[in-house]
């Protein structure tokens, strides 16, 4: 079974960082569920993440970063509207879909064919502390592809304990609405999915959103 360490223990960050740097896949808490996380620039690690979830081919992982500053080196363009949304809803449950910088050497699972990625800053102290040490992490819900994300460390250990290197135990997490997604790869920017951040909140800041 996986190592399972409490997020309240300072040593857990050290262990998590060790596994990420070694190319491992770990389970970490975000707001209302757990995600599998791997070094976004380690192709083997990202491939392992997809294999663990039994993802279909060409499915790209999402990306989590510790701050808006971290995004600037990843994207070719960050519009004023996208920046305004990030400043108001990060950390939080808003994914921005952005064009990837052509100089990036990562493969999030799509072979780089999409030329874009989804990114957000999570609102969880442990995840943020880890991201400040690791930089961008490729992430996907802690669960099999197409199924709800697991919210209890024990369930993750039972199902994935033999293939995940570490479970960062933050306890059982409360069920809540999912993340909102805004496509900011072109103008006008488009609301792809409404989640915890509502369409009303988004359009109050950026009336041109469609």
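The values are calculated or read from the model by the stated rules, or taken from the named source; none is laboratory data. The shown structure was predicted, so the numbers you read here are calculated from the model rather than taken from an experiment. Positions of Cβ are generated from backbone atoms using ideal geometry, with glycine treated the same way; all protein chains shown enter the neighbour counts.
For the reader, a short list of remarks on this structure follows.
- Residue 177 satisfies every condition listed in (1) in contact with a helix residue (DSSP H, G or I) (Cβ under 9 Å, 6 or more places away or on another chain); (2) farther than 11 Å from residue 94 by Cβ except (1).
- For segment 109-132, a tally of residues being in a loop (DSSP other than H, G, I, E, B), closer than 28 Å to residue 11 by Cβ and in contact (Cβ under 8 Å) with a residue 60 or more places away in the chain returns 3.
- Extreme residue, farthest from the chain's Cα centre (by Cα), among residues of segment 3-38 that are closer than 18 Å to residue 54 by Cα and part of a loop (DSSP other than H, G, I, E, B): 24
- Screening 85, 74 for residues that are in contact with a strand residue (DSSP E or B) (Cβ under 8 Å, 6 or more places away or on another chain), over 18 Å from residue 35 (Cα atoms) and surrounded by 22 or more Cβ atoms within 10 Å (Cβ to Cβ) leaves exactly one candidate, 85.
- Top-ranked residue of segment 92-111 - restricted to ones that are crowded, with 20+ Cβ neighbours inside 10 Å and within 19 Å of residue 193 (Cβ to Cβ), ranked as farthest from the chain's Cα centre (by Cα): 98
- Some residue of segment 168-179 being over 20 Å from the mean Cα position of the chain (by Cα), at pLDDT 95 or above, surrounded by 17 or more Cβ atoms within 10 Å (Cβ to Cβ) and not in a helix (DSSP H, G or I): no
- Flag if residue 6 is closer than 18 Å to residue 170 by Cα, surrounded by fewer than 18 Cβ atoms within 10 Å (Cβ to Cβ) and touching a strand residue (DSSP E or B) at 6+ places or on another chain (Cβ under 7 Å): yes
- Those residues of segment 183-193 which are touching a strand residue (DSSP E or B) at 6+ places or on another chain (Cβ under 9 Å) and either surrounded by fewer than 16 Cβ atoms within 10 Å (Cβ to Cβ) or assigned to a helix (DSSP H, G or I) (or both), in sequence order: 186, 190, 192, 193
- Residue within segment 143-165 that is in contact with a strand residue (DSSP E or B) (Cβ under 7 Å, 6 or more places away or on another chain) and in a strand (DSSP E or B) present: no
- Selected residue (criterion: farthest from residue 183 (Cα to Cα)) from residues of segment 88-108 that are in contact with a strand residue (DSSP E or B) (Cβ under 7 Å, 6 or more places away or on another chain) and assigned to a loop (DSSP other than H, G, I, E, B): 108
- Qualifying positions in segment 52-78 - modelled with pLDDT under 95, under 24 Å from residue 197 (Cα atoms) and part of a loop (DSSP other than H, G, I, E, B): 77, 78
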